[in-house]
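Engineer: This is the structure I want to talk about, given as structure tokens.
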Amino acid sequence: MKNRARLSLRVPTPPARPGDAPDFSAIKLEAAGEVRRPEIDARPHDVSDLAYALIRVLDDKGRAVGPWNPKLDAETLRRALKAMLLTRAYDDRMYRAQRQGKTSFYMKCTGEEAVAIAAAFALERDDMCFPSYRQQGLLIARGYPLLQMMNQVYSNAHDPLKGRQLPIMYSSKAYGFFTVSGNLGTQFPQAVGWAMASAYKGDDRIAASWIGDGTTAEGDFHHALNFASVYRAPVILNVVNNQWAISSFAGIAGGNESTFASRGIGYGLPALRVDGNDFLAVYAATAWAAERARSNLGATLIEHYTYRVEGHSTSDDPSRYRPINEAKLWPLGDPIERLKDHLIALGEWSEDRQQEAHREAVEQVKTANKEAEAVGTLGHGELPSLKTMFEDVFKDMPEHLRRQRQQMGV
Amino acid sequence: MPAMNMIQALNSALDVMLTKDPNVLTFGEDVGYFGGVFRVTDGLQKKHGLTRCFDTPIGEGGIVAAAIGMGAYGLRPVAEIQFADYIYPAYDQIVSEAARLRYRSAGDFTAPIVIRTPYGGGIFGGQTHSQSPEALFTHVAGLKTVIPSTPYDAKGLLIAAIEDDDPVIFLEPKRLYNGPFDGYPDRPVTIWAKLPAGEVPEGYYTVPLGKASIVRAGGDVTILAYGTMLHVALASAVDSGLDCEVIDLRTLVPLDIETIVNSVKKTGRCVIVHEATHTSGYGAELSALVQENCFHHLEAPIERVTGWDTPYPHAFEWQYFPGPARVIAALQRAMEA
């Protein structure tokens with residue numbers, strides 16, 4: 001036996017498991033306003049510190065401070081707050097619908113509403129979004145009809161996707177929302193390709209894509225960063241670090257060794273790490289990256305530091321793998337509460353108006369849901385025409401599919 | 001009409017389409033300045049510019065993903081994967097994404113892309129440069145799979161593939177790049193210039209996807225083949241002394257079922273030839289299809305002559321390769337049954 005220490009295998013574990021007290025002591029939080037805001041034409045090498053810092057605008061008293069404050073007018077802030085309230089009300093209703101057996105599956109974005117809504121506000125309406133399954137807020141903020149989203153969740157006769165997709169995998173070219181894939185990460189490099197095409201055509205539209213912290217472990221993540229860097233693609237690459245990939249904590253994806261934003265540095269991309277529960281910070285970071293992309297300066301990687309308050313999906317029970325009250329103690333708070341507090345601090349909002357806006361959102365969802373349920377829910381009521389099952393496999397139906405459709409008798 | 005080998009014909013197809021349609025562009029590893037390791041994109045960057053024909057990182061998944069994104073934008077990208085053996089890192093992007101984009105978005109988004117890649121054995125490429133993965137793609141709903149066997153078809157099919165609104169896997173039999181090959185490794189090399197199939201028009205024309213070609217008419221037995229094996233089938237037909245009908249499938253999906261069924265109903269016998277491994281190969285699909293449609297006309301069991309169920313062995317390439325000896329034996333078995 002050689003006189004050497006024996007090797008040992010490390011498997012990372014989160015600081016707390018069910019039964020433990022939640023422990024966020026390892027999280028280092030910059031004060032709001034503390035992180036510098038470089039010019040949009042800064043060289044990636046010169047802003048590498050931002051990949052390790054945390055851009056925050058809203059302080060604990062609801063004040064917007066520091067160089068990243070986008071200084072949005074009160075009306076815009078109120079619209080954003082209402083979009084977040086609507087997204088949460090929509091999620092709650094659809095979650096209940098799944099529990100009532102009206103659909104097979106649902107995924108909430110509770111606690112992460114600012115990530116999608118702020119992006120929708122910071123991007124142009126015709127920029128193309130390549131979302132993952134927790135960016136329903138993009139559609140809601142862009143005014144896509146709730147009824148249509150519900151018809152898709154219920155796979156009923158008015159489902160725009162003809163009953164083919166899992167409930168949360170929306171698609172709308174008209175609203176700049178690329179069809180969601182269940183294979184994680186695949187759309188990250190596709191967004192880069194779309195952005196390359198936009199640049200090739202001399203267009204002025206940019207692309208943006210979102211993936212979770214767990215998905216950064218996929219090869220497609222690295223393809224996306226590399227291609228975006230090589231071809232200076234006008235794209236914003238967002239990593240939503242919500243701490244959990246189903247039951248695996250962010251350390252399993254590599255998040256303990258370095259920040260996810262820091263992955264951009266090796267590819268020569270500017271990388272920002274932002275408080276994902278701070279609407280203003282997400283807005284400001286996205287606007288910075290969008291302006292950069294539109295100025296032919298290429299891609300930006302943004303890590304949104306947030307927390308997945310609910311389970312991964314309706315098929316998941318988070319109490320099996322993390323402390324039951326961990327979400328409540330998340331140190332960056334709730335994005336809706338924080339924007340509300342900000343508007344109140346500005347004298348542009350009140351608790352009463354918040355209650356009223358909440359009621360309005362719930363009512364709006366209820367009305368749309370009634371209409372959607374009247375058409376049908378999964379397996380009940382009016383379904384999409386069965387013959388459409390054979391359509392859209394190819395542009396024109398080939399002979400073998402025509403025969404199979406005939407065999408089915410439709 | 002100029003004589004072109006398959007490489008020149010493919011180059012001409014890309015040149016024609018780059019000239020015709022500004023939405024066409026082509027890229028891949030070593031494709032740009034160098035013109036591709038097989039020279040298929042030779043001179044295209046110089047003629048059409050850096051943004052129309054360019055090099056990519058060695059990342060097949062990224063190449064295909066970028067093509068999908070470009071297709072969704074409205075371009076018609078032609079991506080080259082340097083060898084079919086390297087297509088597997090892009091497999092998820094091809095089968096889970098490109099193939100299903102139209103379906104899952106109800107026609108809202110599409111991927112009108114072509115993925116070109118050299119495939120097949122016969123050049124001593126060992127097991128990392130010789131595979132025939134066509135069955136992996138034909139099994140996937142939403143992909144078209146095209147395999148030419150002559151320079152004329154290669155150009156016409158590639159132009160049709162680029163103009164097609166669905167994702168197309170375009171497998172190029174690299175043993176045929178410079179000339180046809182009949183499966184006899186010791187025979188003198190033939191070049192396309194001496195054959196009618198090497199006559200390729202300079203300009204635009206298409207060979208439609210989904211149409212097989214009866215390359216040799218006959219009444220005894222039908223041989224179904226594609227790519228390099230089409231030429232092995234033709235050599236076997238001659239050397240067997242039988243009256244063989246030889247069909248070049250040209251596209252595996254969509255498949256020209258009618259031409260196959262009509263031929264087998266006429267001859268009553270069917271021999272299927274492909275280079276890919278036997279088990280679950282495309283021959284199994286063809287065999288089942290013939291059985292389903294021609295059972296009462298069959299006078300002999302359907303024969304499959306294929307590669308063995310091993311990876312491609314470098315030193316034993318000619319023993320692996322389904323050459324004429326094995327095809328002729330199968331033809332004779334079919335006739336004796």
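The values are calculated or read from the model by the stated rules, or taken from the named source; none is laboratory data. In this text the structure is predicted, and so the values were computed from the model without any measurement. All Cβ positions, even for glycine, are placed from backbone atoms using ideal geometry, and neighbour counts span all protein chains on display. Ligands, DNA and RNA are excluded from the accessible area calculation, which covers all protein heavy atoms including side chains. Shrake-Rupley method; radii C 1.70, N 1.55, O 1.52, S 1.80 Å.
Engineer: Over what distance in Å are the Cα centres of the stretch B:260-278 and the stretch A:395-410 separated?
Structural biologist: Spelled out, the Cα-based centre of one part sits 24 Å from the other.
Engineer: Calculate, in whole percent, how much of the Cα-Cα pair population of the stretch B:226-337 lies beyond 24 Å. List each step's numbers first, then the result.
Structural biologist: Numbers: 1236 of 6216 pairs.
Result for the distance tail: 20 percent.
Engineer: Which value, in nm² and rounded to one decimal, describes the direction-averaged projected area of the C-alpha convex hull of chain B?
Structural biologist: Mean projected area of the Cα convex hull: 16.1 nm².
Engineer: For the protein assembly as shown, what does the accessible surface come to per residue with a 1.4 Å probe? Please give it in Å². Write down the numbers at each step before the final one.
Structural biologist: Values: 28940 Å² over 747 residues.
Computed with neighbouring chains in place, this is 39 Å² per residue.
Engineer: Roughly what percent of Cα-Cα pairs across the stretch A:151-196 reach past 14 Å? Mind dumping the intermediate values first?
Structural biologist: Working: 571 of 1035 pairs.
Tail of P(r) above 14 Å: 55 percent of Cα pairs.
Engineer: For chain A, count the residues as N, evaluate 2.2 N^0.38 Å, and divide the Cα radius of gyration by that value, please. Before the final figure, lay out each step's value.
Structural biologist: Working: Rg = 22.1 Å, N = 410, 2.2 N^0.38 = 21.6 Å.
Computed over Cα atoms of chain A, the ratio equals 1.02.
Engineer: Right, something else. Taking the full set of protein chains and a 1.4 angstrom probe, give the accessible area of A:R292 in square angstrom, rounded to the nearest 10.
Structural biologist: Answer for A:R292: close to 10 Å² accessible.
Engineer: Keeping all protein chains in position, work out how much accessible area B:V168 exposes to a 1.4 Å probe, and write it in Å² to the nearest 10.
Structural biologist: Counting only protein heavy atoms, the figure is 0 Å².
Engineer: Among DSSP beta bridges whose residues both lie in chain B, state the antiparallel percentage, nearest 5.
Structural biologist: Values: 6 of 38 bridges.
Given both bridge residues lie in chain B, the antiparallel proportion sits at roughly 15 percent.
Engineer: May I pose another question? Please identify, among A:Q364, A:Q136, A:Q100, the residue showing maximal mean-square fluctuation in a Gaussian network model of chain A using a 10 angstrom Cα cutoff.
Structural biologist: A:Q100
Engineer: May I pose another question? Between the stretch A:66-86 and the stretch A:303-370, what is the C-alpha centre distance in whole Å?
Structural biologist: Measuring centre to centre over Cα atoms gives 15 Å.
Engineer: For q = 0.05, 0.06, 0.07, 0.09 Å⁻¹, what log10 I(q)/I(0) does the protein assembly as shown give under the Debye formula with an equal point scatterer on each alpha carbon and no solvent?
Structural biologist: Scattering profile of the protein assembly as shown, log10 relative to I(0): -0.30, -0.43, -0.57, -0.87.
Engineer: Let me ask you something else. Output the relative contact order of the stretch A:262-410, whole-number percent, from Cα pairs under 8 angstrom with separation of 6+ residues. Intermediate results must be reported in sequence, preceding the final value.
Structural biologist: Values: 94 pairs, mean separation 23.5, N = 149.
Averaging sequence separation for qualifying contacts and normalising by length gives 16 percent for the stretch A:262-410.
Engineer: Oh, and also: Taking a cut-off of 20 Å between Cα atoms, list the lysines near A:K82, but don't count ones fewer than 8 places away on the same chain.
Structural biologist: Here the lysines satisfying the reach criterion relative to A:K82 are A:K71, A:K108, A:K340, A:K366.
Engineer: If I take R0 = 35 Å and measure r between the Cβ atoms of A:E30 and A:N3 in this structure, what FRET efficiency does the formula 1/(1 + (r/R0)^6) give, to the nearest 0.05? If you can, show how the numbers build up before the last one.
Structural biologist: Values: r = 46 Å, r/R0 = 1.33.
Efficiency for this residue pair is about 0.15.
Engineer: Once you have a ≥ b ≥ c as the square roots of the Cα gyration tensor eigenvalues for the stretch B:28-150, tell me rounded if a/c is under 1.5, and otherwise prolate or oblate according to whether a/b is larger than b/c. Let's see the in-between values first.
Structural biologist: Values: a/c = 1.98, a/b = 1.15, b/c = 1.73.
Oblate.
Engineer: If R₀ is 35 angstrom, what is the calculated FRET efficiency for the pair A:R359 and A:S248, using the beta carbon separation as r and rounding to 0.05? Walk me through the intermediate numbers first.
Structural biologist: Numbers: r = 38 Å, r/R0 = 1.09.
Efficiency, from the Cβ-Cβ distance: 0.40.
Engineer: Moving on to the next point. Could you give the spread of the C-alpha atoms of the stretch A:113-172 along their three principal axes, from largest to smallest, in whole angstroms?
Structural biologist: Reported extents, whole Å, longest axis first: 34, 18, 17.
Engineer: Accessible area of the stretch B:65-177 with a 1.4 Å probe: how many percent of it is carbon plus sulfur?
Structural biologist: Details: 1180 of 2280 Å².
Carbon and sulfur: 52 percent of the exposed surface of the stretch B:65-177.
Engineer: Most fluctuating residue of A:K395, A:K102, A:K366 in a GNM of chain A with Cα springs under 10 Å: which is it?
Structural biologist: Among A:K395, A:K102, A:K366, the largest GNM mean-square fluctuation belongs to A:K395.
Engineer: Let me ask you something else. What percent antiparallel are the DSSP beta bridges of the protein assembly as shown, to the nearest 5?
Structural biologist: Details: 12 of 66 bridges.
So the antiparallel bridges in the protein assembly as shown amount to around 20 percent.
Engineer: Tell me the relative contact order for chain B as a rounded percent, counting alpha carbon contacts under 8 Å between residues six or more apart.
Structural biologist: Details: 802 pairs, mean separation 56.2, N = 337.
The value is 17 percent.
Engineer: Could you sort A:L138, A:L7 by their accessible area in this structure, using a 1.4 Å probe and putting the largest first? Write out the running numbers ahead of the final one.
Structural biologist: Working: A:L138 0, A:L7 175 Å².
The ordering from most to least exposed comes out as A:L7, A:L138.
Engineer: Restricting attention to the alpha-carbon atoms of the stretch B:128-250, what are Rg (one decimal) and Dmax (integer), both in Å?
Structural biologist: Cα radius of gyration and Dmax of the stretch B:128-250 are 14.9, 43 Å respectively.
Engineer: Would you be so kind as to identify all helices of chain A, as entire DSSP H runs, whose Cα atoms reach 18 Å or more along the helix's own axis and whose mean Kyte-Doolittle hydropathy is at least 0.0? Before the final figure, lay out the partial values.
Structural biologist: Numbers: long enough: A:74-99 (38 Å, -0.80); A:187-200 (19 Å, 0.29); A:279-294 (22 Å, 0.50); A:351-375 (36 Å, -1.50).
Membrane-span-like by this rule: A:187-200, A:279-294.
Engineer: When we measure straight from the Cα of B:K155, which lysines land under 24 angstrom away, once same-chain ones fewer than 8 places off are left out?
Structural biologist: Of all the lysines, those that pass the test against B:K155 - Cα under 24 Å, at least 8 places apart if same chain - are A:K395, B:K20, B:K46, B:K47, B:K144, B:K174, B:K194, B:K211.
Engineer: What is the spin-label model distance, in nm, from B:Q291 to B:F124 if the labels are put 7 Å beyond Cα along the C-beta direction?
Structural biologist: Result for the modelled spin labels: 4.0 nm.
Engineer: Can you divide the C-alpha Rg of the stretch A:12-80 by 2.2 N^0.38 Å and report the result to two decimal places?
Structural biologist: Numbers: Rg = 16.7 Å, N = 69, 2.2 N^0.38 = 11.0 Å.
So the stretch A:12-80 has a normalised radius of gyration of 1.52.
Engineer: Shape call for the stretch A:1-156 from the C-alpha gyration tensor, a ≥ b ≥ c root eigenvalues: rounded (a/c under 1.5), prolate (a/b greater than b/c) or oblate? Mind dumping the intermediate values first?
Structural biologist: Values: a/c = 2.05, a/b = 1.22, b/c = 1.68.
Oblate, since a/c reaches 1.5 and b/c is not below a/b.
Engineer: Taking chain A as a Gaussian network, Cα atoms linked when under 10 Å apart, which of A:R232, A:R164, A:R63 shows the biggest mean-square fluctuation?
Structural biologist: A:R164
Engineer: Next up: In terms of solvent-accessible area of protein heavy atoms at a 1.4 angstrom probe, what is the ranking of B:F83, B:F170, highest value first?
Structural biologist: Numbers: B:F83 25, B:F170 0 Å².
From most accessible down to least: B:F83, B:F170.
Engineer: Run through every distinct alpha carbon pair of the stretch B:49-91 and return the Kirkwood hydrodynamic radius in angstroms, one decimal place.
Structural biologist: Details: mean 1/r = 0.0914 Å⁻¹.
Every distinct Cα pair counted, the radius reaches 10.9 Å.
Engineer: Return the Rg/Rh value of the stretch A:316-370, two decimal places, where both radii are evaluated on C-alpha atoms and Rh is the Kirkwood radius. Walk me through the intermediate numbers first.
Structural biologist: On the way: Rg = 15.7 Å, Rh = 13.8 Å.
Value, to two decimals: 1.13.
Engineer: Taking a probe of 1.4 angstrom, what is the accessible area of A:E30 in Å², to the nearest 10?
Structural biologist: 20
Engineer: Now, a different point. What is the stretch A:286-360 by shape, rounded, prolate or oblate, if you read a ≥ b ≥ c off the alpha carbon gyration tensor as root eigenvalues and call it rounded for a/c under 1.5, prolate for a/b larger than b/c, and oblate otherwise?
Structural biologist: Numbers: a/c = 2.44, a/b = 1.14, b/c = 2.15.
The shape class here is oblate.
Engineer: Starting from one equal scatterer on each C-alpha and no solvent at all, send me the Debye-based log10 I(q)/I(0) for the stretch A:191-342 at q = 0.09, 0.10, 0.19 Å⁻¹, two decimals.
Structural biologist: -0.31, -0.38, -1.13
Engineer: Could you tell me the total accessible area buried at the A-B interface, probe 1.4 Å, in square angstrom to the nearest hundred?
Structural biologist: 3600
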